[in-house]
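The values are calculated or read from the model by the stated rules, or taken from the named source; none is laboratory data. Everything quoted here is computed from the prediction, not taken from an experiment. When we count neighbours, we look across all protein chains shown, and the Cβ atoms used for this are built from the backbone with ideal geometry, even at glycine. We work out accessible area using only protein heavy atoms, side chains counted, and drop any ligands, DNA or RNA first. Shrake-Rupley method; radii C 1.70, N 1.55, O 1.52, S 1.80 Å.
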Amino acid sequence: MNSFPKLFIPGPTHVPESVMQSMLSPQIGHRTPEFSDLMSEIISGVQKLLYTNNHVYLTSHAATGLWEMGIQNSVKKGVLHTVNGSFSSKWATVSKECGHEVGILDYEWGKGVTAEDVDELLSSGKYDVFAMVHNETSTGVLSPLEPISKLLKAKYPDIIWLVDSVSSMAGVKIEVDRLGIDFLMASTQKAWGLPAGFSLCSVSNRLIELADTIDRKGYFFDIGVYEKYYKKMQTPSTPSIPHMFGLKYVLKEIFKEGLEQRWKRHIDNAKYTRNWALDHGQSLFPEKGFESETITCIQNDMNWDIEKINKFLLERSFRMDRGYGKLRGKAFRIAHMGNVKELDLKEYLNVFDEVLNG
Ligand code: PLP
């Protein structure tokens, strides 16, 4: 077995040698013009990818920190969280731990978030912030943003909308400005196809203004502090410069591929994987219409011996997912995002077939 099997887990995802090499640039000072040039190039690329003019912050930590940034800079009255899997549940816990009034719109795992359900709870008037996970990585459920955007614009224009797109950003088309998303966040180890330890978010002007009116939000995640340095095209503290060189490289690759082509590739790979699963007598774990475009979560109706498959796939130098948390053994996921191209996916599924056929 290769000691570094190729990753088909939903993060960290496969990082090819070319991306690793791009991160090996000599270091530069983070208070220099060359740093500001680098940051400015990255920001323009991310804004293009997210179809936004919003400010984009680059943060040198896992995305979990950005859950806190979103919440601490926005909630005054209360936050409504949708919970339809493990990550959305954790985000709600973070908000509670931060001492906020938290409402939960609770779903069975596998279900998607609907505008009707959100409307029912927001109509209580108890919340000034709405937080949701776009792509629930634990269950492979993608909740369409369009109907929620329509609802918020029509009935709750003052509600601040926070979206976790950790496993969808750079893999699924998200038009931030058209949808009106105030805070969109992700880390780099999923569809961005970079190593873990770096995150980014887009922040609307009204959220920047609102953050200014909120006391006691700490320092590290204070949007006001980020803004102060953003004006100089700098980060508040010393960032992970290798990640920034990596992002610069990955953005170039993304635009070489073309945005529309990139979204299509993810949709095509998702369809291919879903069909592969159905052809094998399995079913899909997510509710119909909410299947993720970056991760396919397969319900193990055929009772495959997942541990045995995992062992054989490892011998062939592939790292599979065996199901998240309580789903282990009952459902498992195949990630097809970021650097996983059609040929990589087909290679993986062919080897998977070989393993199944003994
Ligand atoms: N949100 C979602 C949807 C995730 O899938 C994950 C990690 O898998 C996180 C948040 C946390 O990201 P990080 O590990 O970068 O903090």
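Report, by residue number, each residue of segment 48-78 that is more than 16 Å from the ligand (Cβ to nearest atom), farther than 23 Å from residue 212 by Cα and of a type outside the set (Phe, Trp, Tyr).
Matches in segment 48-78: 48, 49, 50.
Could you figure out which of (1) touching a His at 6+ places or on another chain (Cβ under 6 Å); (2) within 13 Å of the ligand (Cβ to nearest atom); (3) open to solvent by 10 Å² or more (accessible area, probe 1.4 Å) isn't true of residue 104?
(2)
Mind checking which residues of segment 224-240 are in contact with a helix residue (DSSP H, G or I) (Cβ under 8 Å, 6 or more places away or on another chain), of a type in the set (D, E, K, R) and either closer than 29 Å to residue 265 by Cα or assigned to a loop (DSSP other than H, G, I, E, B) (or both)?
Residue satisfying the conditions is 232 alone.
Assuming residue 142 fulfils every condition listed in (1) of a type outside the set (Phe, Trp, Tyr); (2) within 12 Å of residue 83 (Cα to Cα); (3) within 15 Å of the ligand (Cβ to nearest atom) apart from one, which condition is it?
Of everything listed in (1) of a type outside the set (Phe, Trp, Tyr); (2) within 12 Å of residue 83 (Cα to Cα); (3) within 15 Å of the ligand (Cβ to nearest atom), residue 142 misses just condition (2).
Can you work out which of the residues in segment 146-166 that are open to solvent by less than 10 Å² (accessible area, probe 1.4 Å) and within 14 Å of the ligand (Cβ to nearest atom) is farthest from residue 254 (Cα to Cα)?
Checked segment 146-166; the qualifying residue farthest from residue 254 (Cα to Cα) is 162.
Limited to segment 176-223, what total is found for residues that are modelled with pLDDT of 95 or more, in contact with a helix residue (DSSP H, G or I) (Cβ under 8 Å, 6 or more places away or on another chain) and assigned to a loop (DSSP other than H, G, I, E, B)?
Final tally of qualifying residues: 17.
Which residues, taken from segment 15-25, are modelled with pLDDT of 95 or more and more than 15 Å from the ligand (Cβ to nearest atom)? Show your work before the answer.
Step one: filter segment 15-25 for residues modelled with pLDDT of 95 or more, giving 15-24.
Within segment 15-25, 16, 17, 18, 19, 20, 21, 22, 23, 24 meet the criteria.
When only residues in segment 172-188 that are under 13 Å from residue 152 (Cβ atoms) and away from the ligand (no atom under 16 Å from the Cβ) count, which is surrounded by the fewest Cβ atoms within 10 Å (Cβ to Cβ)?
178
What about residue 88, is it within 13 Å of the ligand (Cβ to nearest atom) and part of a helix (DSSP H, G or I)?
Here the answer is yes, as residue 88 does meet what is asked.
From the set of residues in segment 27-53 that are touching an Asp or Glu at 6+ places or on another chain (Cβ under 7 Å) and among the polar types (S, T, N, Q), which is surrounded by the fewest Cβ atoms within 10 Å (Cβ to Cβ)?
Filtering first and then ranking leaves 53.
Name the pairs whose Cβ atoms lie under 6 Å apart, with the first residue in segment 180-193 and farther than 9 Å from residue 167 by Cα, the second within 13 Å of the ligand (Cβ to nearest atom) and among the β-branched types (Val, Ile, Thr), and 6 or more positions between them or separate chains?
181/163; 184/163; 193/13
Which residue out of 132, 169 is out of contact with any Cys (no Cβ under 8 Å at 6 or more places or on another chain), more than 17 Å from residue 117 (Cα to Cα) and either open to solvent by 10 Å² or more (accessible area, probe 1.4 Å) or within 15 Å of the ligand (Cβ to nearest atom) (or both)?
169
Under 7 Å between Cβ atoms, which residue pairs at least 6 apart in sequence (or on different chains) link something in segment 269-293 that is part of a helix (DSSP H, G or I) with a partner that is among the polar types (S, T, N, Q)?
Final answer for the pair search is 270/292; 270/296; 273/296; 274/296; 277/296.
Need the failing condition index for residue 15 against (1) part of a loop (DSSP other than H, G, I, E, B); (2) within 30 Å of residue 352 (Cα to Cα); (3) aliphatic (A, V, I, L, M); (4) open to solvent by 40 Å² or more (accessible area, probe 1.4 Å), just the number.
Failing condition for residue 15: (4).
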